[in-house]
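Below is one structure; the comments refer to it alone.
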Amino acid sequence: MTNENEGLERPWDEDLVAAIVASTRSEPTTRHLDAAPLPSRDAIVWITGQLRELIFPGYFGKQDLESSGLDYHVAAVVASVRRALFEQVRAALRHRAGAQPPAIPDSDMRAVDVVDRFLRTIPLLRAILATDVLAAFEGDPAASSTDEIIFSYPGLLAVAVYRLAHELLLLKVPLIPRIMTEYAHGITGVDIHPGATIGESFFIDHGTGVVIGETTIIGRRVRLYQGVTLGALTTRGAQSLRGVKRHPTIEDDVTIYSGASILGGETVIGQGAVIASNVFITRSVPAHTRVSATSPELRYRDKRREFRQGVPLDWSI
């Protein structure tokens with residue numbers, strides 16, 4: 001009888017190991033050695049889930065909550081988040097400094113301060129996200145309830161994670177905000193950079209393919225549909241553009257339909273404007289303006305008649 005693992009359990013392949021190690025040593029861009037430990041992506045995803053419990057109690061995690069037990073539940077979740085987030089923030093701060101733990105004696109105090117200040121933003125974030133939920137409900141006739149939106153809408157999930165990550169970014173926490181929003185991006189198809197500034201009552205309908213760049217500014221009561229890009233006009237010499245306003249500004253009460261691309265840091269879409277599907281905009285639009293592309297000419301043919309006349313279907317020169 002032949003062992004199916006035969007050939008796998010052989011002695012150490014010294015040549016292979018040496019080749020991988022040599023490659024690792026020669027490519028510093030793709031290794032993380034002799035440096036402060038990175039934050040744990042798995043831990044950050046878990047923390048994000050716990051924060052959603054604080055934002056939407058009774059929907060995620062423990063779902064049989066009663067008002068009488070809310071204080072105890074919130075206290076328990078806050079305690080677990082505080083401990084876990086402290087570890088990850090400390091790791092992120094040490095990693096940014098490029099030092100081993102003993103080299104940054106104040107990193108613990110800084111992490112404690114950041115976590116405490118972040119957790120104190122939760123009540124405000126809950127109030128803002130409540131406006132986002134209502135905007136989704138009022139803007140989507142297919143929504144049967146706000147419960148349906150909180151449970152299942154990918155746009156709301158992406159916005160909720162963005163709002164949490166944005167607060168951490170404002171507190172100058174490295175790495176963690178981007179890990180959070182990329183996690184949401186991976187499961188929703190909505191890519192919101194944590195550096196973007198977004199006002200209340202924000203609604204992303206359908207969601208898939210939406211991109212909102214780092215320096216985008218979005219006002220209140222803005223609605224986006226799937227496939228919208230709020231991007232930079234160019235990324236050549238990208239590192240020289242760090243910190244430069246390179247994404248558009250969208251003022252209050254703007255609606256942007258599917259597939260539209262709005263690019264450039266000087267581009268401003270004025271209050272109340274409506275941007276139709278599949279347009280490409282690189283200059284500012286006045287308030288209360290409707291922008292649309294010229295409709296393509298549509299041609300209709302009766303394929304049955306063409307077939308009877310001996311003309312191949314969909315054939316043209």
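Candidate values [x] 77, 65, 51; [y] 92, 47, 33; [z] 65, 56, 30 were compared with Cα extents along the principal axes in Å computed on the shown model; the agreeing label is [x]. Principal-axis analysis of the Cα atoms of the chain puts helix 107-119 at an angle of about 40° to the longest axis.
Using the Cα gyration tensor of the stretch 52-198, with a ≥ b ≥ c the square roots of its eigenvalues, what is the shape: rounded (a/c below 1.5), prolate (a/b larger than b/c) or oblate (neither)? Intermediate values should be presented prior to the final figure.
Values: a/c = 2.59, a/b = 1.55, b/c = 1.67.
Oblate shape, in that a/c is at least 1.5 and b/c is the bigger or equal ratio.
Per-peptide packing, taken as the mean over residues of other Cβ atoms within 10 Å, places 54-61, 261-268 in the sequence 261-268, 54-61 from highest down. For the stretch 30-190, the dipole from Cβ point charges (+1 on Lys and Arg, -1 on Asp and Glu) about the Cα centre works out to 740 debye, to the nearest 20.
Ranking TYR257, GLY58, PHE203 by how far each Cα lies toward the positive end of the dipole of the chain (charges on Cβ) leaves TYR257 at the top. Per-residue packing, averaged as other Cβ atoms within 10 Å, sorts the ranges 34-41, 91-98 into the order 91-98, 34-41, beginning with the highest.
Sort 74-81, 206-213, 15-22, 294-301 by packing, meaning the average of other beta carbons within 10 Å per residue, with the highest value first. List each step's numbers first, then the result.
On the way: 74-81: 14.4, 206-213: 19.6, 15-22: 9.9, 294-301: 6.0.
Ranked from most to least packed, the peptides come out as 206-213, 74-81, 15-22, 294-301.
Overall form of the stretch 179-274: oblate. Here a/c, set by the Cα gyration tensor axes a ≥ b ≥ c, is 1.5 or more, and a/b is not larger than b/c.
Might you report the magnitude of the Cβ-based charge dipole of the chain about its Cα centre, with Lys and Arg at +1 and Asp and Glu at -1, to the nearest 20 debye? Show your work: numbers first, answer last.
On the way: 33 positive and 37 negative charges, 233 e Å.
Its charge dipole is roughly 1120 debye.
Here, each number is a calculation from the coordinates, and none is a lab measurement. Here the structure is a predicted model, which is why all the values come from computation and not from measurement. Cβ: placed from backbone, ideal geometry, glycine included. Neighbour counts: every protein chain shown.
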